[in-house]
1. In a helix (DSSP H, G or I) and touching a residue at least 40 places away in the same chain (Cβ under 8 Å): is that true of ALA166 in this structure?
2. Of the residues THR105, THR78, THR101, which is touching a residue at least 40 places away in the same chain (Cβ under 8 Å) and β-branched (Val, Ile, Thr)?
3. I need the full set of residues from region 77-109 which are assigned to a helix (DSSP H, G or I), among the aliphatic types (A, V, I, L, M) and surrounded by 12 or more Cβ atoms within 10 Å (Cβ to Cβ), in order please.
4. In this structure, does PHE113 turn out to be assigned to a loop (DSSP other than H, G, I, E, B), touching a residue at least 60 places away in the same chain (Cβ under 8 Å) and surrounded by 13 or more Cβ atoms within 10 Å (Cβ to Cβ)?
5. So if I check each of ILE161, ILE175, which one is in a helix (DSSP H, G or I), surrounded by 13 or more Cβ atoms within 10 Å (Cβ to Cβ) and touching a helix residue (DSSP H, G or I) at 6+ places or on another chain (Cβ under 6 Å)?
6. Could you look through region 67-92, keep only residues that are in contact with a Leu (Cβ under 8 Å, 6 or more places away or on another chain) and closer than 30 Å to THR40 by Cα, and pick out the one that is modelled with the lowest pLDDT?
Amino acid sequence: MENTDNILNEMQQQMRQMKEKLEGESIVNDKLLRNAYRKTLGNLQRKALWQTIIGVVAMLLCLNLLNVGFSIPFVIATEVMLAFCLVATIIINNRLPNMNTDLVTAAKGIVRFKKGYANWLWIGIPLLILWLGGMVYEIYTNGKFPAELRAPMLVGLGVGIVIGGALGLMMRHNILSKSDETLAQIKDLTSES
């Protein structure tokens, strides 16, 4: 009987030790997931900062259109459009949560960010089409552009649209997939709690 009691006590002690080890594993796993979440969130925040910087640089470079021969009204309209796009981008990017935000609030912020970012095409593409129409009109009606330069300018515009569109769509896909990755990490963290 005493031998059986010793065996039971020893088994209970081993069970307690295993429980303690498993709880320690959960804490390590939680820390790893939180670090991964912070890394992907930081990646999204860096991309958002780059978008803002690119928007400011585009506004500054747009002023060079005056030196090329584009009219003042076209340059002003382009600057207004770029300013609108920059403000909209900043508003969408401000939906990203801070690193220290609780996970539920962070998930809500990322969902709002992702939705705004995904819906931006509904505004951006019509603006782009309108601007391109203005650019083509400007090239054909502005007397500062000789007839022999119109075709090369339109080819250059077309090449720029294809390259810029491809880069923009790649960036958009990357940001949306990083958003999904971050949301999945948050889901993993909250399901373990």
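The values are calculated or read from the model by the stated rules, or taken from the named source; none is laboratory data. Worth saying up front: this structure is predicted, and the values here are computed from it rather than measured. Cβ atoms come from the backbone with ideal geometry, glycine included; neighbour counts cover every protein chain shown.
1. Answer is no for this residue.
2. THR78 is the lone residue from the list that is touching a residue at least 40 places away in the same chain (Cβ under 8 Å) and β-branched (Val, Ile, Thr).
3. ALA77, MET81, LEU82, ALA83, LEU86, ALA88, ILE90, ILE92, LEU103, ALA106, ALA107, listed by residue number.
4. So PHE113 does not fit the description; no.
5. The match here is ILE175.
6. CYS85
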